[in-house]
Amino acid sequence: MAPLSNLAVRDIETVIHPYTNLQRHREMGPLVLEEGRGVYVFDSDGKRYIEGLAGLWCTSLGYGNRELVEAATLQMQRLPYTHLFGHKSNDLAIELSEKLKELVPCEASKILFCSSGSEANDMQIKLTWYYNNALGRPEKKKIISRIKGYHGVTVASGSLTGLPTVHTDFDLPIKNILHTSCPHFYRFGAAGETEEQFSDRMARDLEEIILREGPDTVAAFIAEPVMGAGGVILPPKGYFEKIEKLLERYDIRFIADEVICGFGRTGNWFGTETFKLNPDSVSLAKAITSAYFPLGAISIEEDLYQAMLEQSKKIGTFGHGYTYTAHPVAAAVALKTIEIYERDRIVDHVRKVAPAFQARFAKLADHPLVGEVRGVGLIGAAEMVADKKTRRPFDPKHLVGFQFVQFAQKHGLICRMLGDAAALCPPLVIDEGEIDEMFDMYERALADTEAWVTKEGLRNP
Ligand SMILES: Cc1ncc(COP(=O)(O)O)c(C=O)c1O
């Protein structure tokens, strides 16, 4: 291993890294990124990488976008900060709320802002509880999410997340948060079961939980249209249709977590449109500002708003708000981001280049390491297996995915392993030439991984 740079040593001694093996980090140090242009980022040695995951699924307009920088600069000069407490507002918060009400794929009466996806889902939980208290249904409080769903890391949104590492030893999940089955057909489909039958079974699992807990105690269901951090898992055929029937039958609020899918990723403005969902509310973050400034938001449906009004009459105030709720610089950047999406017809661009992106993924299906390829729009993944026939995954202790990411980095590609899935989710502005370049690197990393797995004999059970 190369000796650590001065920056790396300083990092190790001062910075805690999320989702990182902190022990291993002390030995290998960080990859320090210093600049970005278009779909490329550059490390502290000047080496160039394609940002294959758009940072964390978020830098949709790529790096170095002057218009976004200017929008932020202008607002910083004009009014760098104001808040919304106690009847104050700012012009851009109003303009952005109007714009989002028009865009979101559900009936939205109002918009409530925050600074991240975790906070957005936290607010969804709080408001679901608040709503049911307002309606005099204090028992209706349980919220169901899915195993492998990802909804954030705060105490409440981390509870929604269905990944063991987010819960273990953090004493999560909290009370009233439950998890239903993960609808990944390739991984969890039974022998001989069709995709449609699998969806029926997923719906039955959910109904069993609802009936076991009592429908009067179940308040909401939250789902990503495409499960992102759980491994880029697409809904199986008929899945959401069947789930939505149950939600309607048992009067359960449906929250679509559009934090990754929102703003063009799946080839429509929202994943909700791609998969024909009918949510009561959506959670937004990430691409809302192309990640140039932290911002999250949720839509508030009319009956929730009416309940909030009643609560204000009763309690005297809406007792929630962040210092940075509707931060004016965030609002300025979001408005400019959305203006660019519309002006540059970013959704059309995604639809134009997505077939090339998905075709390169599809070509990987025959690779000896790849069990399943999957994706939609400009998001996709290849699931690595030790045995293609039995679908047996590699033993996690061999760190095959970690090794793949290192090989990819060597070839100039930044991507992520999510469990056994090697994901790509590039900036939406990527062109076909860059898609080819990205997949050439990805294939080289797969070839290196295959050679290493064979040499180390890691296929043996
Ligand atoms: C679907 C989804 N929801 C919520 C979150 C949490 O967002 P944040 O990291 O901004 O708190 C994420 C983050 O990746 C996400 O993918």
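The values are calculated or read from the model by the stated rules, or taken from the named source; none is laboratory data. This structure is a prediction, so every number in the text was calculated from the model and none was measured. Every residue, glycine among them, receives a Cβ derived from its backbone with ideal geometry; neighbour counts consider all protein chains shown. Accessible surface areas use protein heavy atoms only, side chains included; no ligands, DNA or RNA. Shrake-Rupley method; radii C 1.70, N 1.55, O 1.52, S 1.80 Å.
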Under 1.5 on a/c is rounded, so check that first for segment 269-390, then, if it is not, pick prolate when a/b is larger than b/c and oblate when it is not; a ≥ b ≥ c are the square roots of the alpha carbon gyration tensor eigenvalues. prolate
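With a 1.4 Å probe and every protein chain left in place, work out the accessible area per residue of segment 1-112 in Å², rounded to a whole number.
That works out to 61 Å² for each residue.
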Once the Cβ-Cβ distance between MET76 and ARG137 is put in as r, and R0 is 51 Å, what FRET efficiency do you end up with, to the nearest 0.05? 0.70
Which lysines, on any chain, are close to LYS313 with Cα under 28 Å apart, when same-chain ones fewer than 8 places away are left out? LYS88, LYS101, LYS110, LYS126, LYS140, LYS141, LYS142
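Rolling a 1.4 angstrom probe over the protein heavy atoms, how many square angstrom per residue are accessible across segment 314-402? Could the numbers behind the result be given before it?
Numbers: 4040 Å² over 89 residues.
Computed with neighbouring chains in place, this is 45 Å² per residue.
If R0 is 22 Å, what FRET efficiency do you get for MET28 and ASN460 from their C-beta distance, rounded to 0.05? The partial results should precede the final answer.
Details: r = 27 Å, r/R0 = 1.22.
So, using R0 = 22 Å, E works out to roughly 0.25.
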Given R₀ = 35 Å, FRET efficiency for LYS88-LYS245 by Cβ-Cβ distance, to 0.05? 0.20
Over segment 364-408, relative contact order from alpha-carbon pairs under 8 Å, at least 6 apart, %: 25
Sequence order, segment 214-228: Karplus ³J(HN,Hα) from phi using 6.51 cos²θ - 1.76 cosθ + 1.60, θ = phi - 60°, Hz rounded, Gly and Pro as x, gives x, x, 6, 9, 9, 9, 8, 10, 10, 8, 7, x, 10, 6, x
Quick note, segment 315-461: a/c under 1.5 would make it rounded; otherwise a/b > b/c is prolate and the rest oblate (a ≥ b ≥ c, C-alpha gyration tensor); here it is prolate
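Nearest 500 deg cm²/dmol is fine: what mean residue ellipticity at 222 nm does the chain get from its DSSP H runs of n ≥ 4 alone, each adding -39,500 (n - 2.57), divided by its residue count?
So the calculated ellipticity at 222 nm is -13000 deg cm²/dmol.
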Of all accessible surface on the chain at a 1.4 Å probe, what whole percent is carbon and sulfur? 54
Could you name the lysines in cross-link range of LYS397, using Cα to Cα under 26 Å and dropping any fewer than eight places away on the same chain? LYS148, LYS388, LYS389, LYS410, LYS455
Assign unit charges at the C-beta atoms only (+1 for Lys and Arg, -1 for Asp and Glu), then state the dipole size of segment 1-143 relative to its Cα centre in Debye, rounded to the nearest 20. 580
Accessible area of segment 223-271 divided out per residue, in Å², using a probe of 1.4 angstrom: 26
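If I take every Cα pair under 8 Å that is 6 or more residues apart in segment 1-144, average their sequence separation and divide by the length, what percent do I get for the relative contact order? If you can, show how the numbers build up before the last one.
Working: 83 pairs, mean separation 13.9, N = 144.
Relative contact order here is 10 percent.
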In 5 Å bins starting at 0, how do the alpha-carbon pair distances of segment 395-461 split up by percent? 3, 17, 26, 23, 16, 7, 4, 2, 0
Sequence-distant aspartates and glutamates (8 or more away, or on other chains) whose Cα lies within less than 16 Å of LYS352: GLU342, ASP344, ASP431, GLU432, GLU434, ASP436
